[in-house]
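> Before we start, here is the structure in question, set down as structure tokens.
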Ligand code: DQA
């Protein structure tokens, strides 16, 4: 089975974008260590980044089909700023229930500007990882496995 790592707008700039906030690790590095971690825990990792809301929504619909076909365990998504704006992303995740989606933010959004405190994605998420830097992606992957595989054992 696979785990899908989705990244939204501006996360292609990781490593050079506001490093005080997001660190110096690039998206390519993040995707590489997610894939390596996947090997360790026994899951193939697929990665997709887009700056376009619709492309992310299309990918979530596709993930819903992969989940139904038994090919996908779940999704880790960092929706970037769409977190705070996108009811369409919320609806896309609700629309492919019960596909498990873990929301992940590199920074602690609750310690930042008030406009980052609300998430449209959170009510549709199976879990949320916030403020662990880029390690959050790995924590979210482990959380997905612990909640949806190990808990059933
Ligand atoms: C982010 C937090 C968002 O508020 C911001 O718009 C991002 C990145 C994070 O990973 O901390 O693009 O999702």
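> Find the strands (runs of 3 or more DSSP E) located wholly in region 37-108 whose residues include 3 or more that are more than 16 Å from the ligand (Cβ to nearest atom) and more than 11 Å from the chain's Cα centre (by Cα), and list them.
Numbers: elements: 44-49, 72-78, 101-105.
In region 37-108, the matching strands (runs of 3 or more DSSP E) lie at 44-49.
> Evaluate the following for residue 111: is it at negative phi, at pLDDT 95 or above, out of contact with any helix residue (DSSP H, G or I) (no Cβ under 6 Å at 6 or more places or on another chain) and surrounded by fewer than 22 Cβ atoms within 10 Å (Cβ to Cβ)?
Here the answer is yes, as residue 111 does meet what is asked.
> May I pose another question? In region 110-133, which residues are touching a strand residue (DSSP E or B) at 6+ places or on another chain (Cβ under 6 Å) and either near the ligand (Cβ under 9 Å from one of its atoms) or over 25 Å from residue 31 (Cβ atoms) (or both)?
130, the sole residue that qualifies.
> Keeping to region 1-24, report how many residues are assigned to a loop (DSSP other than H, G, I, E, B) and within 12 Å of the ligand (Cβ to nearest atom). Let's see the steps before the verdict.
Within region 1-24, the subset assigned to a loop (DSSP other than H, G, I, E, B) is 1, 8-10, 14-18, 23-24.
Still in the running and within 12 Å of the ligand (Cβ to nearest atom): 8-10, 14, 17-18, 23.
Count: 7.
> Could I ask something else about it? Under 7 Å by Cβ, and 6 or more places apart or on different chains, what pairs join a residue from region 99-115 that is in contact (Cβ under 8 Å) with a residue 40 or more places away in the chain and within 9 Å of residue 127 (Cβ to Cβ) with one that is more than 7 Å from the ligand (Cβ to nearest atom) and part of a helix (DSSP H, G or I)?
100/144; 100/148; 101/93; 101/124; 102/140; 102/143; 102/144
The values are calculated or read from the model by the stated rules, or taken from the named source; none is laboratory data. Quantities reported herein were computed from a predicted structural model and do not represent experimental measurements. All Cβ positions, even for glycine, are placed from backbone atoms using ideal geometry, and neighbour counts span all protein chains on display.
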